[in-house]
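The values are calculated or read from the model by the stated rules, or taken from the named source; none is laboratory data. Computed from a prediction, not measured in an experiment: that's the story for all the values here. Here the Cβ positions follow ideal geometry from the backbone for every residue, glycine too, while neighbour counts run over all protein chains shown.
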Amino acid sequence: MKDGLEVNWEEVEKLYDRLQREAKASGYHLNPDVAFTKELVKGLLINEKRYGYWACPCRLAAGNKEEDLDIICPCDYRDPDLTDFDACYCALYVSRAVLKGEKKINSIPERRPPAEERKNSQLGSGDKKIFSLPLPVWRCRVCGYLCAREEPPEVCPVCKVKKERFERFI
């Protein structure tokens with residue numbers, strides 16, 4: 001590549017090993033097809049160089065972090081996709097059944113709403129007061145982790161995504 005988006009094998013190996021450790025520590029599994037998975041990791045690294053963040057390599061990113069927050073890996077759709085289809089959209093993450101060879105990965109439909117719909121329904125933008133709490137409750141949009149504190153944590157203790165992936169829940 002001559003566009004400054006070169007990724008070397010060492011970078012891929014390093015990130016693959018990191019993702020493997022983090023997935024295992026959090027109860028997730030990377031796709032057992034190592035060559036396929038490393039190509040996805042390469043795509044994450046290219047997108048990080050291109051946009052400054054790990055946009056899903058299987059989706060068209062806008063190049064605007066705010067617009068793409070829902071598709072920064074791990075994306076907001078990973079857990080529902082794992083539950084419904086045994087793999088996330090790009091198949092980087094898979095269920096235990098897929099890992100063990102008990103199930104095969106099939107086509108996974110795109111659940112990300114169209115851009116216009118995402119703009120019109122900002123998650124966590126509801127102003128309804130259910131009840132009064134001394135602190136706001138923050139929800140991780142990726143894994144659903146909840147915490148009550150002034151600000152969301154810098155990193156989700158469950159899935160390790162950054163602070164901007166939290167929404168005010170209550």
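Condition check for L40 on (1) at pLDDT below 95; (2) within 21 Å of K162 (Cα to Cα); (3) of a type in the set (A, V, I, L, M, F, W, C): one failure, at (1). Summed over the stretch 50-69, the residues that are within 19 Å of E164 (Cα to Cα), in contact with an Asp or Glu (Cβ under 9 Å, 6 or more places away or on another chain) and surrounded by fewer than 18 Cβ atoms within 10 Å (Cβ to Cβ) give a count of 4.
Apart from one condition, T83 fits all of (1) part of a loop (DSSP other than H, G, I, E, B); (2) loosely packed, with under 12 Cβ neighbours inside 10 Å; (3) of a type in the set (V, I, T); the exception is (1).
Looking at the structure I just gave you, is C156 touching a Pro at 6+ places or on another chain (Cβ under 7 Å) and not acidic (D, E)?
Working: touching a Pro at 6+ places or on another chain (Cβ under 7 Å): no; not acidic (D, E): yes.
No.
Against the numbered list (1) more than 19 Å from L44 (Cα to Cα); (2) at pLDDT 90 or above; (3) surrounded by fewer than 15 Cβ atoms within 10 Å (Cβ to Cβ); (4) outside the structural domain of P32 (by TED's automatic domain parsing), E167 comes up short only at (3). Among the residues of the stretch 22-33, which ones are more than 15 Å from K104 (Cβ to Cβ) and touching a residue at least 12 places away in the same chain (Cβ under 8 Å)? Residues satisfying the conditions are E22, A23, S26, Y28, L30.
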